[in-house]
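Quick notes on the structure that follows.
What follows draws every value from the coordinates through simple rules; no lab data is involved. Just so we're clear, the structure is a prediction, and the values are computed from it rather than from any experiment. In this analysis, Cβ positions are derived from the backbone assuming ideal geometry, glycine residues included, and neighbour counts consider all displayed protein chains.
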Amino acid sequence: METGLSVRHLIGIKDLSVDDIRLILSTAVRFKEQINQPMKRVPSLRDLTIANAFFENSTRTRLSFELAEKRLSADIVNFSSSSSSVSKGETLLDTINNLIAMKVEMIVMRHPYPGSAYFLSKNVNAQIINAGDGTHEHPTQALLDAFSMMDRTKRDVSEMKIAIIGDIMHSRVALSNIFLLKKLGAEVMVCGPATLIPKHIESLGVIVEHSVEKALEWCDVANVLRIQLERQEAGYFPSLREYALAFGINKTRLNKLTKPITIMHPGPINRGVEINSDVADSEHSIILEQVENGVAIRMAVLYLLAGRM
């Protein structure tokens, strides 16, 4: 295995090698142990300045990155487009170059447009970490999802069957998860209404299923995705109530299974739509573990990328 990452930026899972992914996951194990100690902070990134540039709303991802940066002793600049010159018409490139002129070396960016992180990586003199670009990719979410699966089940991803259930078409989490899980040798199924599953998705090596009962019976882990109404320009199903009846994950459905499965959700949760509270808060769920593991994964990504400076 390589001793460092093969990439200078983290734009997407598609750009990472299997060795890169394994290195990030193994490094995160050590950081998780560290942040569960009384002394949580390490000096690994002291004197490194990181800007969190979020052009789209976020709670978990933004706070997780910020906490990871603080745990590594980095200097942090938090940037929100709503309170910046972007609202006056300043371009993305000008905005980021102004941050870099203030001696910022690394940019963590979330942006509503696919390809924005890649564009920056080719046009600015700083390292770029993609914290989600439109419906394209969300690489650190896929990494923390894989880490969480293995941490809970004590099995390698290559030994698992994972069903991704919900709004596949509009989800950057789904695409990054598919890329990562297939690279690591997992069996992957996508499940949802036909209107929310992209055409030709089978070309990525996944199984397509439209029965949520069959998907749940097949899988070891179900990663349930949010219905992203803010990204939908047309009605992809009759109503939220009908979606919940046909595809919602509830205790009744889980009780009918012949084996226990692990339930995941990247958040935020639409309770009572894609997942019920009796499942989200049950012993089958690792949703809060995903949040905890997100800090360790992002510490690993920041630390390893800083080694490529």
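³J(HN,Hα) across region 118-127 via Karplus (A = 6.51, B = -1.76, C = 1.60, θ = phi - 60°), whole Hz, x for Gly/Pro?
Taking θ as phi minus 60°, the curve returns 4, 4, 5, 4, 8, 10, 10, 9, 7, 7 Hz for region 118-127.
Could you line up Thr258, Thr140 from fewest to most neighbouring Cβ atoms inside 10 Å?
Exposure proxy ranking, most exposed first: Thr258, Thr140.
Enumerate the calculated ³J(HN,Hα) couplings along region 164-171 in order (Karplus 6.51 cos²θ - 1.76 cosθ + 1.60, θ = phi - 60°), each rounded to whole Hz, writing x wherever the residue is Gly or Pro.
Karplus values, whole Hz, x for Gly and Pro: 9, 10, x, 7, 6, 4, 9, 9.
When N is the residue count of region 139-290, what does its C-alpha Rg come to as a fraction of 2.2 N^0.38 Å?
Normalised Rg, Cα atoms only: 0.94.
Can you give me the long-range amide H partners of Val224? Hydrogens built in the peptide plane at 1.01 Å from N, cutoff under 5 Å, separation of 5 or more residues or another chain.
Excluding prolines and chain starts, which carry no amide H, the hits are Ile165, Met264, His265.
What number, in nm² with one decimal, is the all-direction average of the projected area of the convex hull of the alpha-carbon atoms of the chain?
Directional mean of the projected Cα hull area for the chain stands at 16.0 nm².
P(r) for region 207-309, please, calculated from all Cα pair distances in 5 Å bins and given in %.
Histogram of Cα-Cα distances, whole percents per bin: 2, 11, 19, 20, 17, 12, 9, 6, 4, 2, 0.
How do Phe54, Phe119 rank when sorted from fewest to most other Cβ atoms within 10 Å of their own Cβ?
Phe119, Phe54
Relative contact order for the chain: what is it in percent, counting Cα pairs under 8 Å that are at least 6 residues apart?
RCO, the chain: 21 percent.
Over all distinct Cα pairs, what is the inverse of the mean 1/r for region 1-153, reported as the Kirkwood hydrodynamic radius in Å?
16.3 Å
Would you calculate the convex hull of the Cα atoms in region 79-216 and tell me its volume per residue in Å³? If you can, show how the numbers build up before the last one.
Working: hull volume 19.8 nm³, N = 138.
Taking the convex hull of the Cα positions in region 79-216, it is 144 Å³ per residue.
Where does the chain land at 222 nm, in deg cm²/dmol rounded to the nearest 500, when only DSSP H runs of n ≥ 4 count, each adding -39500 (n - 2.57), divided by all residues?
Taking each H run of at least 4 residues, the total per residue is -11500 deg cm²/dmol.
Residues of region 141-173 with amide nitrogen under 14 Å from the 7 Å Cα-to-Cβ point of Thr252?
none
Given H placed on each backbone N at 1.01 Å, which residues far from Ile128 in sequence or on other chains put an amide H within less than 5 Å of it?
Under 5 Å from the amide H of Ile128 lie the amide H atoms of Leu10, Ile107, each far enough along the sequence or on another chain.
Skipping prolines and chain starts, which residues have an amide H placed within reach, meaning under 5 Å, of the one on Ile76, given they are 5 or more residues away or on another chain?
Here the answer is Ile50, since their amide H atoms fall under 5 Å of that of Ile76.
Return the sequence-ordered ³J(HN,Hα) values of region 4-13 in whole Hz as given by the Karplus equation 6.51 cos²θ - 1.76 cosθ + 1.60 applied to θ = phi - 60°, using x for Gly and Pro.
For region 4-13, the Karplus curve yields x, 6, 8, 10, 8, 10, 10, 9, x, 4 Hz.
Sort Lys214, Lys122 so that the residue with the fewest other Cβ atoms within 10 Å of its own Cβ comes first and the one with the most comes last. Please report the intermediate quantities before stating the final value.
Working: Lys214 13, Lys122 9.
Result, fewest neighbours first: Lys122, Lys214.
Working out 0.36 nm times the residue gap between Glu283 and Ala194, then minus their Cα-Cα distance, what length gain in nm do you get to one decimal? Walk me through the numbers before you get to the answer.
Working: separation 89, 0.36 × 89 = 32.04 nm, distance 3.04 nm.
Gain in length upon complete extension: 29.0 nm.
By how many degrees, 0 to 90 and rounded to 10, does the Cα axis of helix 172-183 deviate from the longest principal axis of the chain?
That works out to roughly 80 degrees.
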